[in-house]
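To keep things clear, I will list the structure first and then write my remarks on it.
The values are calculated or read from the model by the stated rules, or taken from the named source; none is laboratory data. Please read all numbers here as calculations on a predicted model, not as lab measurements. Heads up, the Cβs are rebuilt from the backbone with ideal geometry, glycines too, and the neighbour counts pull from every protein chain shown.
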Amino acid sequence: MARFELKLPKMGESVAEATITSWLKEVGDTIELDEAVVEIATDKVDSEVPSEVEGTLVEILFEKDEVVAVGETIAVIETEGGDTNNNASANTSASAPNKEEIKPQEVAEVEKTIEKATEIVAAPIAKTSDSGKFYSPLVRNIAQTEGISMDELENISGTGKDGRVTKDDILSYIENKDNAPQKQEVAKPKVASNPSDKPVTKAAPVSVNGEDEIIEMSRMGKLISKHMVDSVQTSAHVQSFIEIDVTNIVKWRSKVKDAYFKREGEKLTFTPILMQAVASTIKKYPLINIAVDGDKIIKKKNINLGMAAALPDGNLIVPVIKNADQLNLVGMTKSVNDLANRARNNALKPDEIQGGTYTVTNVGSFGSVMGTPIINQPQVAILALGAIRKVPAVIETPEGDFIGIRQKMFVSHSYDHRVVNGALGGMFIKTLKETLEAWDVNQDF
């Protein structure tokens, strides 16, 4: 029998860790090749980790809700046959040098390393403290490496589930400990609760009676909540609104949608038409396609449109259409439909929801006439598309004005007033309006 270490795979350039959300197998279960073993979640997307071998699950190294770094072993699978451990002895033998090649200074360095490792191992951090607090392998490793004792760990306020100490908690503790050692020595032990020394940030407790239902926020709900609060605290939000006559677009789509579906095998919705117009408008106003980094402005070369999509649980996710300005209507339609379908099925890859430079959200799909969306950081603007409605409108003609029925929609533009002034924010949607209202009803697709 051989043991295979199942590791957390790399899931994207900027993804360094993931949270275990659910084990699909238990210790003792038989696992087939490529069968999903565990569900994981990053701050970008949820996914499954399949097994690379056939065998029996003999050990689970991380519990549900624990945070795991990319490359760490999360489970051990016992297989039949030879040694399949991905830390196999082949690596050991390949790295073992010939005794004749070892130099004295190299021996001294190895001895120092062994001595340091022995000191760390000599004082291991227990998985569970005397008070009953649980510490994940990642937190324990950081604590041992940094010389954090169990007593110090006990005094760290945890922000994880049930008050657990997370990776961010211990790293924040280490940073503050190194940066302000004198402050900790001078401070009196019983004044931490004094509002002048430690600002109170918690909201007032909510009263709950016997008829109220308590619903735990989902992991994604918590992330969205934090992102929204962070965005409002970061950007100076301001909005501009404009009404657009899309009668020509509605007529054109009604005329060509059946032929389009027959030729392309795709449904032609209003979303790709509007997204293509947004991309062409961004090209005319490149200072909308920027990001803020401290006191610097990063002007993005590529136009990557984020497209807010609703998930089955009611949350939103923002897949990104890369280089959107380079797509024709057919290409845009295929990208929009593909990303929307896979978003609903939780089948997006982490890279497909990264790198956005501007976001569009369709509040009209929920019946809203208009909305004031929150900017998707680190972007500086977001566009909300309202519902298309039949409304009475004044129509100007050479023969005079008259009242007619037109198809109209409101568009609201939220932008960061730190770097986008009202002129730029307003001109952007004015140009978008002109582009959409000039739609040629006789054009092909």
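Table for the structure above
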item	result
Residue in segment 432-444 that is of a type outside the set (Val, Ile, Thr) and touching a Pro at 6+ places or on another chain (Cβ under 7 Å) present	no
Residue identified as within 28 Å of Glu17 (Cβ to Cβ) and loosely packed, with under 15 Cβ neighbours inside 10 Å among Ile298, Ile375, Ile353	Ile298
Matching option when the condition is of a type in the set (Gly, Ala, Ser) and loosely packed, with under 14 Cβ neighbours inside 10 Å, among Ser254, Ser235, Ser240, Ser231	Ser254
Some residue of segment 327-342 being at pLDDT below 95, assigned by TED's automatic domain parsing to the domain that holds Val238 and at positive phi	no
Among the candidates Gly306, Gly294, residue that is under 22 Å from the mean Cα position of the chain (by Cα) and on the phi > 0 side of the Ramachandran plot	Gly294
Check on Val37, touching a residue at least 12 places away in the same chain (Cβ under 8 Å), in contact with a Pro (Cβ under 8 Å, 6 or more places away or on another chain) and under 26 Å from Ala343 (Cβ atoms)	yes
Odd one out for Phe62 among (1) part of a loop (DSSP other than H, G, I, E, B); (2) closer than 27 Å to Gly355 by Cα; (3) touching a helix residue (DSSP H, G or I) at 6+ places or on another chain (Cβ under 9 Å); (4) not basic (Lys, Arg)	(2)
Yes/no for Ile405 being touching a residue at least 40 places away in the same chain (Cβ under 8 Å) and touching a helix residue (DSSP H, G or I) at 6+ places or on another chain (Cβ under 9 Å)	no
Segment 304-332 - residue that is touching a Ser or Thr at 6+ places or on another chain (Cβ under 8 Å) and among the polar types (S, T, N, Q) and, of those, nearest to Gly367 (Cα to Cα)	Asn315
Candidates Ala384, Ala343 - the one that is under 16 Å from Lys433 (Cβ atoms), out of contact with any Cys (no Cβ under 8 Å at 6 or more places or on another chain) and buried (at least 22 other Cβ atoms within 10 Å of the Cβ)	Ala384
Residues of segment 34-72 satisfying the condition of being among the basic types (Lys, Arg) and under 21 Å from Pro319 (Cα atoms)	Lys44
Long-range neighbours under 7 Å by Cβ, at least six apart or interchain, first residue in the same structural domain as Gly422 (by TED's automatic domain parsing) within segment 242-271, second surrounded by fewer than 17 Cβ atoms within 10 Å (Cβ to Cβ) and among the acidic types (Asp, Glu)	Ile244/Glu437; Asp245/Glu437
Identity of the residue in segment 109-162, at pLDDT 75 or above and among the acidic types (Asp, Glu), that ends up nearest to Ile174 (Cα to Cα)	Glu146
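For every residue, the table says whether it meets (1) over 34 Å from the mean Cα position of the chain (by Cα); (2) closer than 26 Å to Asn341 by Cα.
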{"site": "Val229", "(1), (2)": "no, no"}
{"site": "Val232", "(1), (2)": "no, no"}
{"site": "His237", "(1), (2)": "no, no"}
{"site": "Ile249", "(1), (2)": "no, yes"}
{"site": "Ser254", "(1), (2)": "yes, yes"}
{"site": "Glu266", "(1), (2)": "no, yes"}
{"site": "Thr269", "(1), (2)": "no, yes"}
{"site": "Met275", "(1), (2)": "no, yes"}
{"site": "Tyr285", "(1), (2)": "no, no"}
